[in-house]
Amino acid sequence: MTNEQLIQKISSLLPNAACQQKQYVTVKVAAADILQSIKVLKENADLFFDYLNTVTGIDQKNSFGLSYILTSSTHRHTIIVNTTIENRENPEIESLYPLYKTCDFQEREIFDLFGINFKNHPDMRRIFLSDDWVGYPLRKDYVDEVNIVQR
Amino acid sequence: MEQTTTKREDISSIDYQEFVINMGPQHPSTHGVLRLMLKLKGEIVEVVQPHCGYIHRGIEKMCEHITYPQTIHLTDRLDYLSAHMNNEAVCLLVENALQIEVPERVKYIRTILDELTRLASHQLWWCAFGMDMGALTTFFYGLRDREKILDIFEKTTGSRLIQSFNVPGGLMNDIHKDFQKEVKEFIKYFRKILPEYDQLLTGNVIFQQRTKDIGILTKEDAINFGVTGPSGRGSGFSCDVRKIAPYSAYPYVKFEEKLQTKGDTFSRYMVRMHEMWESMNILEQLIDNIPEGTHAVKMKPIIKLPEGEYYQRVEASRGEFGVHVISDGNKTPYRFKLRSPNFMNLSVMHHISRNHKIADLIAISGSLDLVIPDIDR
């Protein structure tokens, strides 16, 4: 499918999502319906995004962003789904583990480094750092006077 | 007095005890500092829980404080056996974002070095895999031939393992004048040697019994877990980035994406053995046709990417390596995410080694070909 067709198809399926043509087609959805939206994208036979390349957490100063890169193993098209979590104090979002088992590790990594809590994740623990680590290192306001040199 | 000896009939009637043991972080067959926490019932593995992070260096955080050309040197330190591909991912990302067209010569040399890296990586995997299973001879065979590739690297790039030969806009230097001759000599040599690998290990009855029908990963699960590279292709998941989104000189060459359907340990082994032949085919198509030209285009001294979101993927030796950059227009990336193939390949470990013997776990982890610095980042 070409990018124009992708945008057309996705906007007809997800009327609330904003599609944009960048390097890849970028779809912006609300954090509350992330699971529903991606379920629609995965189960539609024309889109069939069954392979989740990666999930990226982004610290956007006042909020958190999440970027899901999705690829279809049969049609071989790729899109990026973006969402924003407004609550910085207690960030929470629905886990995509029911759709993609790769989220088991990937969401644990984001929990470890950003402190975003994924609801309904089967095993929400830190993955790289030790359990008694204080703070979330990839946040922009993380302070570590010993190991991070400020120039 | 308490009875200390157990009668013979008592042993046959007891239930197998449940144990929790740690495999690693210092264990020869985990190839680095990976710790697998195993719950065993007798000799049967019930739960595998990987504990990572022993060499977590925070490379993603470090990259937020350094410029784009500097990040290249850190991507070497992820999967050190596919260092050249990792470099290339960052360079391609910067070049695509700035819309720079690199000379044809650069594309050819990059692809040749990619395939040489893949060959060297698969040779090391082959020899270490054999050694994990108790076949010590493979280790000497593999390292002997890998040395020849490393010598070629040393002559052209200046270093043997982590080269950092790619820079945004091209290559750090032109190739050595003997490069083409030596690569052709190596291919001629290795075409004769590779059948020996098969004679030594592939056809071995003990090896086949230890790998066939062990650790079966279905195609659906491979896609769902995001298992890419030879491990995914062993399950029939067509995930070769060289075919899906061709980059550098891959659009110009003809090669096959080797797929197996069974998804067991032996299939993953066979995919890599076939890939070595395919790598040599690609090399032969390119090595005589390197176009003349410069080895790099002139870049601005300070590279700033336009504001936006970029994702670049390449096929590393172990799967899809991706760089996801969020730029805010500065000379340093705002967010630098690395999609490392080994991290996703590790996540499937519990799923495929459940209900196998503990010795099969060694075979399975060997066939997934894990490189630990790539997992921990």
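The residues in segment B:338-351 that are crowded, with 23+ Cβ neighbours inside 10 Å and out of contact with any Phe, Trp or Tyr (no Cβ under 9 Å at 6 or more places or on another chain) can be counted, and the count is 1.
Results for (1) of a type in the set (D, E, K, R); (2) out of contact with any Lys or Arg (no Cβ under 6 Å at 6 or more places or on another chain), shown as yes or no for each residue.
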site	(1), (2)
B:HIS295	no, yes
B:LYS304	yes, no
B:VAL314	no, yes
B:ARG318	yes, yes
B:ASN330	no, yes
B:LYS337	yes, yes
B:ILE352	no, yes
B:HIS356	no, yes
B:ASP360	yes, yes
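Spot the failing condition for A:SER11; the list is (1) under 24 Å from A:LYS119 (Cβ atoms); (2) in contact with a strand residue (DSSP E or B) (Cβ under 9 Å, 6 or more places away or on another chain), and only one is missed. For A:SER11, the exception is condition (1).
Looking at B:ASN96, B:ASN166, can you tell me which residue is under 20 Å from the mean Cα position of the chain (by Cα) and not aliphatic (A, V, I, L, M)?
Working: B:ASN96 fails: under 20 Å from the mean Cα position of the chain (by Cα).
B:ASN166 is the lone residue from the list that is under 20 Å from the mean Cα position of the chain (by Cα) and not aliphatic (A, V, I, L, M).
Is it fair to say B:LEU200 is away from chain A (no Cβ under 14 Å) and either in contact with a His (Cβ under 8 Å, 6 or more places away or on another chain) or farther than 18 Å from B:PHE321 by Cα (or both)? Answer is yes for this residue.
Report yes if some residue within segment B:33-40 is more than 14 Å from chain A (Cβ to nearest Cβ) and out of contact with any strand residue (DSSP E or B) (no Cβ under 9 Å at 6 or more places or on another chain); otherwise report no. Within segment B:33-40, none of the residues are more than 14 Å from chain A (Cβ to nearest Cβ) and out of contact with any strand residue (DSSP E or B) (no Cβ under 9 Å at 6 or more places or on another chain).
For residues in segment A:100-135 being of a type in the set (Phe, Trp, Tyr) and either more than 8 Å from every other protein chain (Cβ to nearest Cβ) or under 25 Å from A:SER72 (Cβ atoms) (or both), which is most open to solvent (accessible area, probe 1.4 Å)?
As a first pass, look at segment A:100-135 and keep what is of a type in the set (Phe, Trp, Tyr): A:100, A:105, A:111, A:114, A:118, A:128, A:133.
Then keep just the ones that are either more than 8 Å from every other protein chain (Cβ to nearest Cβ) or under 25 Å from A:SER72 (Cβ atoms) (or both); that gives A:100, A:105, A:111, A:114, A:118, A:133.
Values: A:TYR100: 0, A:PHE105: 11, A:PHE111: 40, A:PHE114: 3, A:PHE118: 6, A:TRP133: 93 Å².
Within segment A:100-135, the match that is most open to solvent (accessible area, probe 1.4 Å) is A:TRP133.
Going by the structure shown, is B:LEU361 more than 14 Å from chain A (Cβ to nearest Cβ) and either touching a Pro at 6+ places or on another chain (Cβ under 9 Å) or not small (Gly, Ala, Ser) (or both)? First the steps, then the outcome.
Details: more than 14 Å from chain A (Cβ to nearest Cβ): yes; either touching a Pro at 6+ places or on another chain (Cβ under 9 Å) or not small (Gly, Ala, Ser) (or both): yes.
Yes.
Of the residues A:TYR142, A:TYR97, only one is in contact with a Cys (Cβ under 6 Å, 6 or more places away or on another chain) and open to solvent by 10 Å² or more (accessible area, probe 1.4 Å); which?
Numbers: A:TYR142 fails: in contact with a Cys (Cβ under 6 Å, 6 or more places away or on another chain).
The match here is A:TYR97.
Within segment B:52-86, which residues are outside any loop (DSSP other than H, G, I, E, B), within 10 Å of another protein chain (Cβ to nearest Cβ) and either buried (at least 17 other Cβ atoms within 10 Å of the Cβ) or under 20 Å from the mean Cα position of the chain (by Cα) (or both)? Once the filter is applied, which keeps residues that are outside any loop (DSSP other than H, G, I, E, B), within 10 Å of another protein chain (Cβ to nearest Cβ) and either buried (at least 17 other Cβ atoms within 10 Å of the Cβ) or under 20 Å from the mean Cα position of the chain (by Cα) (or both), segment B:52-86 yields B:GLU60, B:LYS61. Can you find, within segment B:234-248, the residue that is most open to solvent (accessible area, probe 1.4 Å) among those that are in contact (Cβ under 8 Å) with a residue 24 or more places away in the chain and within 12 Å of chain A (Cβ to nearest Cβ)? In this case the residue turns out to be B:ALA245.
Pick out, from segment B:181-239, the helices (runs of 4 or more DSSP H) lying fully within it that include 3 or more residues that are among the hydrophobic types (A, V, I, L, M, F, W, C). First the steps, then the outcome.
On the way: elements: B:205-211, B:219-225, B:229-233.
The helices (runs of 4 or more DSSP H) meeting that bar are B:205-211, B:219-225.
Sub-9 Å Cβ pairs linking a first residue in segment A:40-57 that is more than 9 Å from chain B (Cβ to nearest Cβ) to a second residue that is of a type in the set (Phe, Trp, Tyr) and open to solvent by 10 Å² or more (accessible area, probe 1.4 Å), at least 6 apart or interchain, are A:LEU41/A:PHE48; A:LYS42/A:PHE48, ordered by first then second residue.
In the set (1) open to solvent by 30 Å² or more (accessible area, probe 1.4 Å); (2) of a type outside the set (Phe, Trp, Tyr); (3) more than 11 Å from chain A (Cβ to nearest Cβ), the condition left unmet by B:ASP328 is number (3).
Please go through segment A:62-87 and pick out each residue that is of a type in the set (D, E, K, R) and within 10 Å of chain B (Cβ to nearest Cβ). Steps first, answer last, please.
Residues of segment A:62-87 that are of a type in the set (D, E, K, R), as a first pass: A:76, A:86.
Scanning segment A:62-87 gives a single hit, A:ARG76.
Suppose the filter is at pLDDT below 90, open to solvent by 50 Å² or more (accessible area, probe 1.4 Å) and within 14 Å of another protein chain (Cβ to nearest Cβ); does B:ASP374 pass it? Criteria not met by B:ASP374.
The values are calculated or read from the model by the stated rules, or taken from the named source; none is laboratory data. What you see is a predicted model; the values in this text were computed from it and never measured. Reconstructed Cβ throughout: ideal geometry from the backbone, glycine too, with neighbour counts over all protein chains shown. For accessibility, only protein heavy atoms count, side chains too; no ligands or nucleic acids. Shrake-Rupley method; radii C 1.70, N 1.55, O 1.52, S 1.80 Å.
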